[in-house]
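These notes are about the structure you will find just below.
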Amino acid sequence: MKMPSPQRQPSPDNPAKEDTSSYLFSSQVGHLLRRAYQRHTALFQQFIPDSKLTVAQFVVMCALKDDGPASIANLVKATVIDQATIRGVVDRLKNRDLITLRADSTDRRKVMVTLTETGDQLVTEMQPFARIITEETFGPLNDAERVALLYLLRKITEPEADAKYPNVHHVCT
(Lines give C-alpha, C1' and ligand atoms only; values in the text may rest on other atoms or scores of the structure.)
Protein backbone atom coordinates (compact mmCIF):
# COMPACT_ATOMS: atom_id res chain seq x y z
CA MET A 1 0.00 0.00 0.00
CA LYS A 2 1.31 3.43 -0.96
CA MET A 3 1.72 5.81 1.98
CA PRO A 4 0.68 9.42 1.40
CA SER A 5 3.55 11.85 1.56
CA PRO A 6 3.45 14.27 4.46
CA GLN A 7 1.96 17.65 3.57
CA ARG A 8 4.44 20.52 3.60
CA GLN A 9 3.05 23.82 4.74
CA PRO A 10 3.42 26.36 1.94
CA SER A 11 4.71 29.81 2.78
CA PRO A 12 5.26 32.97 0.72
CA ASP A 13 9.00 32.23 0.80
CA ASN A 14 8.63 28.55 -0.10
CA PRO A 15 5.45 27.84 -2.07
CA ALA A 16 5.19 24.05 -2.03
CA LYS A 17 3.13 22.09 -4.50
CA GLU A 18 0.00 20.96 -2.76
CA ASP A 19 -2.40 18.18 -3.55
CA THR A 20 -5.01 20.31 -5.35
CA SER A 21 -7.62 17.56 -5.13
CA SER A 22 -7.99 18.29 -1.40
CA TYR A 23 -8.20 22.07 -1.82
CA LEU A 24 -11.70 23.31 -1.07
CA PHE A 25 -12.08 27.05 -1.62
CA SER A 26 -15.13 27.05 0.67
CA SER A 27 -12.91 25.99 3.58
CA GLN A 28 -10.26 28.67 3.03
CA VAL A 29 -9.83 31.57 5.43
CA GLY A 30 -10.25 34.22 2.72
CA HIS A 31 -13.53 32.75 1.55
CA LEU A 32 -14.87 32.44 5.11
CA LEU A 33 -13.80 36.01 5.95
CA ARG A 34 -15.51 37.26 2.78
CA ARG A 35 -18.72 35.38 3.65
CA ALA A 36 -18.65 36.78 7.20
CA TYR A 37 -18.17 40.30 5.84
CA GLN A 38 -20.98 39.81 3.30
CA ARG A 39 -23.24 38.68 6.14
CA HIS A 40 -22.23 41.70 8.21
CA THR A 41 -22.90 44.05 5.28
CA ALA A 42 -26.32 42.48 4.67
CA LEU A 43 -27.17 42.91 8.36
CA PHE A 44 -26.03 46.54 8.16
CA GLN A 45 -28.35 47.17 5.23
CA GLN A 46 -31.19 45.36 7.01
CA PHE A 47 -30.92 47.14 10.37
CA ILE A 48 -29.58 50.64 9.64
CA PRO A 49 -32.57 52.96 9.19
CA ASP A 50 -30.78 55.32 6.76
CA SER A 51 -30.99 53.37 3.49
CA LYS A 52 -28.49 55.71 1.79
CA LEU A 53 -25.75 55.05 4.37
CA THR A 54 -23.16 52.40 3.50
CA VAL A 55 -20.81 50.55 5.83
CA ALA A 56 -17.83 52.52 4.44
CA GLN A 57 -19.62 55.85 4.90
CA PHE A 58 -20.53 54.96 8.48
CA VAL A 59 -16.95 53.91 9.24
CA VAL A 60 -15.59 57.22 7.89
CA MET A 61 -18.14 59.20 9.90
CA CYS A 62 -17.31 57.21 13.06
CA ALA A 63 -13.60 57.88 12.56
CA LEU A 64 -14.31 61.60 12.23
CA LYS A 65 -16.53 61.56 15.33
CA ASP A 66 -13.89 59.68 17.34
CA ASP A 67 -10.77 61.50 16.12
CA GLY A 68 -12.06 64.86 14.91
CA PRO A 69 -11.21 66.52 11.59
CA ALA A 70 -8.80 64.51 9.46
CA SER A 71 -7.00 64.68 6.15
CA ILE A 72 -7.90 62.18 3.45
CA ALA A 73 -4.57 60.42 4.07
CA ASN A 74 -5.34 60.10 7.79
CA LEU A 75 -8.84 58.80 7.01
CA VAL A 76 -7.28 56.15 4.78
CA LYS A 77 -5.02 55.08 7.68
CA ALA A 78 -7.79 55.21 10.30
CA THR A 79 -10.41 53.33 8.28
CA VAL A 80 -8.16 51.09 6.15
CA ILE A 81 -10.22 52.08 3.13
CA ASP A 82 -8.15 52.60 -0.02
CA GLN A 83 -7.58 56.10 -1.43
CA ALA A 84 -9.83 55.69 -4.49
CA THR A 85 -12.75 54.33 -2.47
CA ILE A 86 -12.42 56.94 0.28
CA ARG A 87 -12.66 59.76 -2.25
CA GLY A 88 -16.01 58.41 -3.48
CA VAL A 89 -17.22 57.97 0.11
CA VAL A 90 -16.17 61.52 0.97
CA ASP A 91 -17.91 62.89 -2.14
CA ARG A 92 -21.17 61.14 -1.27
CA LEU A 93 -21.04 62.28 2.36
CA LYS A 94 -20.33 65.84 1.23
CA ASN A 95 -23.29 65.73 -1.20
CA ARG A 96 -25.52 64.80 1.76
CA ASP A 97 -24.08 67.67 3.86
CA LEU A 98 -22.80 65.19 6.44
CA ILE A 99 -19.21 66.42 6.16
CA THR A 100 -17.41 69.54 5.03
CA LEU A 101 -14.10 69.87 3.20
CA ARG A 102 -11.62 72.69 3.64
CA ALA A 103 -7.97 73.36 2.95
CA ASP A 104 -5.65 72.79 5.90
CA SER A 105 -4.56 76.06 7.49
CA THR A 106 -0.87 75.06 7.46
CA ASP A 107 -0.75 73.14 4.16
CA ARG A 108 -3.15 74.41 1.52
CA ARG A 109 -2.65 71.23 -0.55
CA LYS A 110 -4.10 69.06 2.23
CA VAL A 111 -7.88 68.67 2.36
CA MET A 112 -9.38 68.41 5.84
CA VAL A 113 -12.64 66.51 6.36
CA THR A 114 -14.96 67.47 9.22
CA LEU A 115 -18.33 66.12 10.34
CA THR A 116 -21.15 68.64 10.11
CA GLU A 117 -23.61 68.95 12.97
CA THR A 118 -26.04 66.87 10.90
CA GLY A 119 -23.35 64.23 10.33
CA ASP A 120 -22.46 64.12 14.01
CA GLN A 121 -26.14 63.72 14.90
CA LEU A 122 -26.57 60.92 12.32
CA VAL A 123 -23.63 58.96 13.75
CA THR A 124 -25.08 59.31 17.25
CA GLU A 125 -28.50 58.14 16.03
CA MET A 126 -27.01 55.16 14.15
CA GLN A 127 -24.78 53.86 16.96
CA PRO A 128 -27.53 51.86 18.73
CA PHE A 129 -28.33 50.18 15.41
CA ALA A 130 -24.60 49.52 14.87
CA ARG A 131 -24.51 47.73 18.22
CA ILE A 132 -27.45 45.54 17.12
CA ILE A 133 -25.64 44.81 13.84
CA THR A 134 -22.52 43.78 15.76
CA GLU A 135 -24.61 41.54 18.00
CA GLU A 136 -26.33 39.95 14.99
CA THR A 137 -22.98 39.50 13.21
CA PHE A 138 -21.71 37.49 16.18
CA GLY A 139 -24.82 35.34 15.81
CA PRO A 140 -24.70 32.16 17.87
CA LEU A 141 -21.19 32.71 19.27
CA ASN A 142 -20.94 32.55 23.05
CA ASP A 143 -18.99 35.16 25.05
CA ALA A 144 -15.72 33.19 24.97
CA GLU A 145 -16.00 32.63 21.21
CA ARG A 146 -16.67 36.35 20.66
CA VAL A 147 -13.57 37.29 22.61
CA ALA A 148 -11.53 34.69 20.72
CA LEU A 149 -12.83 35.86 17.33
CA LEU A 150 -12.00 39.51 18.05
CA TYR A 151 -8.58 38.53 19.40
CA LEU A 152 -7.74 36.47 16.33
CA LEU A 153 -9.01 39.07 13.86
CA ARG A 154 -6.92 41.75 15.58
CA LYS A 155 -3.90 39.45 15.61
CA ILE A 156 -3.99 38.85 11.83
CA THR A 157 -4.56 42.55 11.11
CA GLU A 158 -1.94 44.03 13.45
CA PRO A 159 1.00 46.02 12.10
CA GLU A 160 3.37 43.12 12.89
CA ALA A 161 1.52 40.98 10.33
CA ASP A 162 1.75 43.86 7.85
CA ALA A 163 5.51 44.18 8.42
CA LYS A 164 5.98 40.48 7.67
CA TYR A 165 4.10 40.80 4.35
CA PRO A 166 4.73 44.39 3.16
CA ASN A 167 3.34 43.79 -0.34
CA VAL A 168 -0.14 42.97 0.97
CA HIS A 169 -2.39 45.97 0.42
CA HIS A 170 -5.42 46.62 2.57
CA VAL A 171 -8.71 47.27 0.87
CA CYS A 172 -11.97 47.63 2.72
CA THR A 173 -15.10 48.05 0.64
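The values are calculated or read from the model by the stated rules, or taken from the named source; none is laboratory data. Keep in mind the model is a prediction, meaning the values are calculated, not measured. A quick note on method: Cβ atoms are made from the backbone with ideal geometry, for glycine too, and the neighbour counts reach across all protein chains shown.
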Legend entry - Lone qualifier among ASP107, ASP91, ASP66, ASP97 - being at pLDDT 95 or above, part of a loop (DSSP other than H, G, I, E, B) and charged (D, E, K, R): ASP97
Inset, instruction - Return the pairs, sorted by first residue and then second, in which the second residue is surrounded by 10 or more Cβ atoms within 10 Å (Cβ to Cβ) and of a type in the set (Ser, Thr, Tyr), the first residue lies in region 20-42 and is under 27 Å from THR54 (Cβ atoms) and at pLDDT 95 or above, the beta carbons are less than 6 Å apart, and the residues are 6+ apart or on different chains. - result: HIS40/THR137
